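> Take a look at the following structure, please.
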Amino acid sequence: MAEERRTLVAPFLRKGTDTNGMMLGMLGCLTLTAAHFAWRYDTGFFLRYLSLSAASLLIEVVYVILRDGRLHWPRASTAVTAALLVLSVPARMSWIQIFYGILVAVLFAKCMTDRNALRLNPMLVGRLFMMLLFTQGIQEWLNPSVEIDAFSSATPLGLYLAEDTVYNPLSILAGSIRGDWEGVYALVPGAPGEVMPLLALVFGFILYFTGIIDWRPGIAFILGFGLTCPILGMPLFFHLTAGSIMFTAVYIVTDPRSMPGSKAGRLIAGFLAGVINAVVRNHGYYPEGIVIAVLAVNLLSPTLDRLAFYFRGVLLQRATRRFNQ
Amino acid sequence: MRRIIQSKSATPAAPPEYIPELPHEVVLTLDPAVHRCVMTALPGPGDAVTAGQVIAEGKVMRLHAPIEGMVTDAGPPSIRIQRTGANECPESHALPVPEKSAWPDFMKSAGLAGMGGGMFPYPSKMDAAIPLNIHTLVVNAVECEPGIEIDEAILMHHHDFFIRGVDAITQSLNIQRKVAGLRKSNRARLRERLEVDGFDIVVMTDTYPEGAGKLIVRKLTGRMPPTGVRNSELGYLVMNVSSLWALGRRLALGRPSMDRPLTLLAPDSPPRNIIVPVGTPAAHILKVYDIPYDRNTQVLIASGFMMGVEVDPSYAVLKGTNALFVQPLRKRLLEEEAPCILCGSCFDACPLKLHPIGMADRIKARQFSAALEIQLKTCFLCGACAAVCPANIPLAHYFREGKQWLKNVAR
């Protein structure tokens, strides 16, 4: 006999995907990013991407078997953590070194940590571990496959005029543009996820309009970074199009669990991450500003949420008090 | 899709029709939580009642027999009337517009409760509003709950009763300004008609919960009414279309609040707007309109997707029941609550800029604070946060629980 179902409570509508669907959407964008890199520069990379993502799921399954003694369907968010890690380190880095990074990220930062108490981005924890242990491997970037001449111009149109080429938007999408814009259009391979900031930007829009990511942390991050760069005398456009900024704005600072949940908290955390990133890039010993910046604001997330909750209450009380006076 | 709850309606509402077959039995609850006061049944079992006769009395509410019949159970918890005749009120006649001070008694004699869904007793509402300087009557025709279109149907097809109610209120209370809140998608259909009647139009977006009285007043004043402050304290009397319709019928026909217009929505059939006697069982409505219902594959909802309740076919229509939906039972509705990933969707959905997950966490942990108290008091349980939650956390349910907990703390 079928079990009697419980009585449901309002609301009886659901908008948007569930948690797993959100992570699958994110994973889809990351997989397309990996496929794009494999198509342009290194076909074998895609296999590495898939195998490492699968390995991350296996880590979670084994962990749950050891902990609970039962088989458990792994979460898509685990694969997202692995995918982000694979896409942010050199494409030819040793498979086993990346695996160690994923192991730390999934096992220690995701499965074994009480993520209510310590809200660190697991992928960045894994990457930090790799930076400390595999200092050499994590800096061996793939060389550009296209020879590029330096060029500067007032506007992109001026660039085309000087080059005597006809402006063709399709050719831009295909990557045939030079000068300062080269970073935007996939002429310089770096970390596989960061070779084409435009792609990250497009996926960012898709993820936002499908209700998977929030705009606040990403925009605040770019704003914080963009405002700090000129103050520190850093070339803003170069840094914005260098790849990692867009990738971080779309995929890293939008990680929900490690960033504050409140709107104000997200804006503050994103902005702070941008500022710290610029400062670390300019003054720090490590070139890896993102890891330091985002992990630093992750530590502030619970506090920012608590403050936002408290101040919302204060504002509401003040409005009532003012009316009653 | 971004997590926005749309309430767009492209087609005009169907005209309301009186249910072709009266129920054999009506059931009127005496639950004090529903009526906001203790109700006492007046007739006893076996007594004959005529349609429109007062059958229960409370401090701020009165119940009338919706049909002629015999009382089989005088409650509590409810009064049951077996039908023996029709639903025509004998000796009913048009009534004069009451004096300003007589409105609470008049509303009580009509047995009028808020018909937008809240069922707040109108005698109490008028009692609070009369000493205040009410300068604007706001007719709430936004109807932002997806699928409900009964107010639009009344405005288009039962306009006379509605306008009679509006005129009585504005003349008697000396209200200078009339404002009608519409939403973008029904603006074109209703604007002209309402402007002819002297209404200023305020247009809200096609999203839920834009029809909340507080949000309409925010649009009019440019400021959100502070927590604990009624709209009437700001000079705005917000009334629902169905309530004004019922008031108009009381004035024009002498008929108390004993009929309920509602939207009936079922799979494979167009939306219907029907008028049924209060207390009609849902099973009877489904039978009359030949709507099959299977609890294993469907869900029967009273009063809308967002703020309604799941009911069974024995559910009897209340004065606040503005819709009856039979909908497929979707898998997402049955999913258990998952851990929150702090995606922030609930923060975006909250029209009052509250911190839904922060409130729910504190309610679960029973962490009382002034910030939690004021946020819980501000929340009007629209449920938008819960509808967009990817982790299926029943946030509105927690808030309901939290409000109850707050009351106990206060005691």
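Just so it is clear, none of the values below were taken in a lab; they were calculated from the coordinates. A quick note: this is a predicted structure, and the numbers were derived from the prediction, not measured. Glycine gets a Cβ as well: all are built from the backbone with ideal geometry, and neighbour counts include every protein chain shown.
> Determine the alpha carbon to alpha carbon distance for each of B:353/B:407; A:15/B:214; B:125/B:364; B:59/B:364; B:178/B:403 and list only those over 26 Å. Could you put the intermediate results ahead of the total?
Working: B:353/B:407 23 Å; A:15/B:214 24 Å; B:125/B:364 33 Å; B:59/B:364 36 Å; B:178/B:403 34 Å.
Checking Cα-Cα distances, B:125/B:364; B:59/B:364; B:178/B:403 exceed 26 Å.
> I would also like to ask the following. Which of rounded, prolate or oblate describes the protein assembly as shown when judged by the alpha-carbon gyration tensor and an a/c cut-off of 1.5?
Details: a/c = 2.45, a/b = 2.13, b/c = 1.15.
It comes out prolate by the Cα gyration axes.
> So which cysteines of chain B have no other cysteine's Cβ under 4.7 Å from theirs?
If one checks each Cβ against the other cysteines of chain B, B:37, B:89, B:144, B:340, B:343, B:350, B:379, B:382, B:389 turn up with nothing under 4.7 Å.
> Ok, one more. Sorted from fewest to most neighbouring beta carbons within 10 Å, what does the list A:88, B:314 look like?
B:314, A:88
> Continuing with the same structure: Relative to the compact-globule scaling 2.2 N^0.38 Å, provide the ratio for the alpha-carbon radius of gyration of the range B:1-116.
1.34
> Now a separate question. Over all residues in A:316-323, what is the mean tally of Cβ atoms on other chains that come within 10 Å of each residue's Cβ?
Values: counts 14, 7, 2, 9, 8, 1, 1, 8.
For peptide A:316-323, the averaged partner shielding equals 6.
> Using mean Cβ contacts within 10 Å as the protection proxy, how do B:60-71, B:137-148, B:21-32 order, highest first?
Values: B:60-71: 23.6, B:137-148: 25.5, B:21-32: 19.2.
My ranking of the peptides, most packed first, is B:137-148, B:60-71, B:21-32.
> Could I ask something else about it? Can you find, among B:333, B:129, B:370, the residue farthest towards the positive end of the dipole of the protein assembly as shown? Put +1 on the C-beta of Lys and Arg, -1 on that of Asp and Glu.
Toward the positive end, the furthest listed residue is B:370.
> Restricting to the protein assembly as shown, compute how many DSSP beta bridges are antiparallel as a %, nearest 5. Provide the component values of the computation, followed by the final result.
Numbers: 33 of 53 bridges.
Antiparallel bridges: around 60 percent, rounded to the nearest 5.
> If you don't mind, another one. Take every Cα-Cα pair in chain B and report what % of them are more than 26 Å apart.
Values: 46778 of 84255 pairs.
Result for the distance tail: 56 percent.
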